[in-house]
Amino acid sequence: MTTLFEPAYAKVNLTLDVLGKRDDGYHDIKTVMQTISLRDDIEIDVGTGKPWVLTCDKEGVPCDETNLAWKAAKLYCEVTGVDLGGIEIRITKRIPSQAGLGGGSADAAAVLRALNEHCGAPLSIGALAELGGQIGSDIPFCVIGGTCMCEGRGERLRKLPNMPECIFVVCKPDFGVSTPELYKKIDSAAIPKRPDNNAMEGALLAGDLAKICENVYNVFDPLVTEEHLEMNYIKSIMNSYGAIAYQMTGSGSAIFAIMPDFEFAAVVCNMLRENYPNIFISMPV
Ligand code: C5P
């Protein structure tokens, strides 16, 4: 039996634009995604000689074939034809669920990377990302990681230069948001403001953190904020204590702030921690 270890990094959407609804029910989006150091840990025992098992240290996470990590392992075996001789997947969860941080997608992507390396890399990283896209729209990005412009359903990726060094604070309020419901809501909503993805790409190419921060914008943010005014409270604390940018990530409900340095980030955490225990300091990875 061999044990594999793989980190599963959370993502934030520096920008997110919804361009329109497609015939297949999904939406075309254009988004700059960034992996951050907040992570789950994936351990996989390969060759257990027993039926498949998945465990997670956090309650409420499905530990059966509905978990994206399980689906990823199953699909990998089907496509490559490898017989792993029984596996046990253990997930140490730190990324909150229903947060827009891609926690489940990150776990699935980590499983794909770990199994592919274990098997001698029969699939290229591009093929692995494409495989992930069959399970969830965010998984291709989570396979690649770093900084990417993502289009289509989210699965068409273009690598961008790494984000300059900075500090993120990520705060997840108690409520969660249903991604399909939010996509449905945006179909009938006016979108008064959209991110300038070209400007964001230019800022990343120039390595200009101030310009990156100026261009942080997510079209879902006002739709969630109008229903949950506490989002404004979280943002006001971030703003008061020096955030250069703050915005909801993905379909929410987590909000991230980009802070000038670690000391300011620690102050924001201290101010919010009592009401919001799901708060993290992170860096781009
Ligand atoms: O691909 P994934 O399973 O993560 O998507 C969850 C749901 O979010 C989809 O069923 C769809 O309702 C919505 N979605 C969308 N357009 C996207 C991504 C997700 O409409 N580009």
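The values are calculated or read from the model by the stated rules, or taken from the named source; none is laboratory data. This is a predicted model, so every value here is computed, not measured. The protein model used for the area step is the full one, side chains on, heavy atoms only, and it has no ligands, DNA or RNA in it. Shrake-Rupley method; radii C 1.70, N 1.55, O 1.52, S 1.80 Å.
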Max mean-square fluctuation residue, GNM over the chain, Cα-Cα springs under 10 Å, options ASP107, ASP45, ASP138:
ASP45
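Quick one: work out the % antiparallel among DSSP beta bridges in the stretch 1-126, nearest 5.
The antiparallel fraction comes to roughly 85 percent.
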Gyration tensor verdict on the stretch 245-285 (Cα atoms; rounded if a/c is under 1.5, prolate if a/b is larger than b/c, oblate otherwise)
oblate
Long-range share for the stretch 2-159, i.e. C-alpha pairs more than 23 Å apart as a percent of all pairs, stands at 34
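Share of the stretch 2-159's accessible area from carbon and sulfur, percent, 1.4 Å?
Whole-percent figure for carbon plus sulfur exposure: 48.
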Using only the alpha-carbon atoms, how far is helix 103-118 inclined from the longest principal axis of the chain? Give it as 0 to 90 degrees, nearest 10.
40
For a test of the definition: using alpha carbon positions, the gyration tensor, and the 1.5 limit on a/c, classify the stretch 167-282 as rounded, prolate or oblate.
oblate
Can you spot the lysines whose alpha carbon is less than 22 Å from LYS58's alpha carbon? Ignore those fewer than 8 places along the same chain.
LYS11, LYS71, LYS93, LYS172
How far, in degrees from 0 to 90, does helix 68-80 lean away from the longest principal axis of the Cα atoms of the chain, to the nearest 10?
50
Expressed per residue, the solvent accessible area of the chain in Å² (1.4 Å probe) is about 44
In degrees from 0 to 90, rounded to the nearest 10, what is the angle of the helix 262-272 Cα long axis to the longest principal axis of the chain?
90
Taking a ≥ b ≥ c as the square roots of the eigenvalues of the Cα gyration tensor of the stretch 111-217, is the shape rounded (a/c under 1.5), prolate (a/b larger than b/c) or oblate?
oblate
Which whole-number percent gives the relative contact order of the chain, counting Cα pairs below 8 Å spaced six or more residues apart?
23
I want to verify the translational diffusion coefficient of the chain in µm²/s; compute it with Stokes-Einstein, Rh as the Kirkwood radius over Cα pairs, at 10 °C and 1.306 mPa s.
82
